[in-house]
Amino acid sequence: MPLEETTITLPKAEIPRTWYNVLPDLPEPLEPYLTPDGKPVRPEMLSAIFPTSLIEQELSPQRHFDIPEAVVEALSRWRPTPLTRAAALEKALGVRSKIWFKNESGSPSGSHKSNTAMAQAYYNKKAGIKRLATETGAGQWGTALSIAGRAFGLDVRVYMVRISLVQKPGRKTVMNLMGAEVISSPSDLTEAGRKAKAADPDNLGSLGLAISEAVEDAAGRSDTNYSLGSVLNHVLLHQTVIGQEIKKQLAAAGVSPDYLIGCHGGGSNFGGMAVPFVPEIKDGARITLIAAEPESCPSLTRGKFTHDYGDVAGLTPLLPMYTLGKDFQPPAIHAGGLRYHGASPIVSSLVKSGMVKPEAIGGPELFRFASLFARTEYIIPAPESAHALAAACMKALELEQAGKPGNIVFVLSGHGLLDLAAYEDFINTY
Ligand SMILES: *Cc1c(COP(=O)(O)O)cnc(C)c1O
């Protein structure tokens, strides 16, 4: 008998036409971003590195933003993305819960990051910018922005965390192929990079340090802006296409979700999935939102809620967020995209008000579930996405024990085909 494996696709016409801004609907208003002397950041202070349109999206209380036609067109190359019932995985786990995954791995970069990369490239181009500087940890964001730069005619320079460059040289090849320049961070090209290298010539780099380099690069040139792939409000805004599509797909399948799960690095795929459900949760819908973060970089579960810098050098505004401290050096885990000391202010606010439950995931279970998924659903998850997948599997097993099966949805934020070293390590160890 065929498995009850269902994929809910949506026609192209169903691509969301607006982004949903959760700021006016947060249970507690977001605290302002601060300058080093403790004063609220004024919008014009951000204009050295961001176009006005994105600054407006960052700070505006407006609930919906129209997605420009050119961005809809760019997104339509791979959106809407499928929502698939992982019936083979359910069977292997022996659970009666239904597990659905929103598959963001089919984008040009192989992850959800293309959703915001296309939007950011569009707005920068429109503002007359010629060049974008950014950082990349694991390489997915650099890849997404390189492709978006190609799509909208912008030069892209990527400061790539040195340890990632050593571990994943294939990522650099992809970015170079797209025409982007890739610089090992810390580099000699910026003050922040030179300082870090002087202090420690063997510095392997970190996301926070690479951000410092990219921000410094952008602030120093009028033709260049900075682009960030996570954390900020406008990035989560662009990612709300994920949650909006999930809503339509669940409705089409006649399913009401009990658990919505995403992995959390800087909060963009989780936030993009979760925030479109905030209004109905406020109205009493019983949906549990779970942010799955790595045990080794547990900003939401172990960090402190305070204002902190987004980078090592302290060039960014102070953001209200859960943080492990800007100088926290996460261990070199394979899920490079989750190695960030801070968190999205929006997700932090939702955690603080109790609407989002953070969970720290780690240990051999992580890759055990990832391998099981690969062997049953035939997709190799990104190590980052594996955190969401593992949380979903553990929830299904827990519900089974309690005799209360439910509907579980998680975001497969990307595929792991360029992360095979992680799987090789797992196979060699277990
Ligand atoms: C970057 C990345 C993440 C983590 O970033 P968020 O902003 O927390 O979503 C997760 N999964 C994949 C595949 C990524 O590329």
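The values are calculated or read from the model by the stated rules, or taken from the named source; none is laboratory data. Because the structure is a prediction, the values reported are computed rather than measured. Heads up, the Cβs are rebuilt from the backbone with ideal geometry, glycines too, and the neighbour counts pull from every protein chain shown. The accessibility values were calculated without ligands, DNA or RNA, using every heavy atom of the protein model including side chains. Shrake-Rupley method; radii C 1.70, N 1.55, O 1.52, S 1.80 Å.
Assorted remarks:
- Scanning the range 227-267 for residues being within 15 Å of Val351 (Cβ to Cβ) and assigned to a helix (DSSP H, G or I) gives a total of 1.
- Looking across the range 322-341 at every residue that is in a loop (DSSP other than H, G, I, E, B), within 15 Å of the ligand (Cβ to nearest atom) and more than 17 Å from Lys304 (Cβ to Cβ), the one that is least open to solvent (accessible area, probe 1.4 Å) is identified as Ala335.
Residue-wise test of (1) more than 13 Å from the ligand (Cβ to nearest atom); (2) under 30 Å from Lys130 (Cα atoms); (3) among the small types (Gly, Ala, Ser).
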residue	(1), (2), (3)
Asn225	yes, yes, no
Ser230	no, yes, yes
Gly243	no, no, yes
Ile246	yes, no, no
Val255	yes, no, no
Pro279	yes, no, no
Ala285	yes, no, yes
Ser299	no, no, yes
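- The lone exception for Asp217 - which of (1) over 29 Å from Arg79 (Cα atoms); (2) within 13 Å of the ligand (Cβ to nearest atom); (3) open to solvent by 10 Å² or more (accessible area, probe 1.4 Å) it fails: (2)
- Top-ranked residue in the range 268-311 [being touching a residue at least 40 places away in the same chain (Cβ under 8 Å) and assigned to a loop (DSSP other than H, G, I, E, B); ranked as nearest to Glu58 (Cα to Cα)]: Gly310
- When Ser353, Ser344, Ser349 are checked against the criterion of being polar (S, T, N, Q), within 15 Å of the ligand (Cβ to nearest atom) and within 30 Å of Leu319 (Cβ to Cβ), a single residue qualifies: Ser344.
- When Ala151, Ala121, Ala133 are checked against the criterion of being in contact with a Pro (Cβ under 9 Å, 6 or more places away or on another chain) and of a type in the set (Gly, Ala, Ser), a single residue qualifies: Ala151.
- Residues located in the range 376-395, provided they are hydrophobic (A, V, I, L, M, F, W, C), touching an Asp or Glu at 6+ places or on another chain (Cβ under 9 Å) and either open to solvent by less than 10 Å² (accessible area, probe 1.4 Å) or assigned to a strand (DSSP E or B) (or both): Ala382, Ala390, Ala391, Cys393
- Scanning the range 123-159 for residues that are among the aromatic types (Phe, Trp, Tyr) and more than 16 Å from the ligand (Cβ to nearest atom) yields Tyr123, Phe152.
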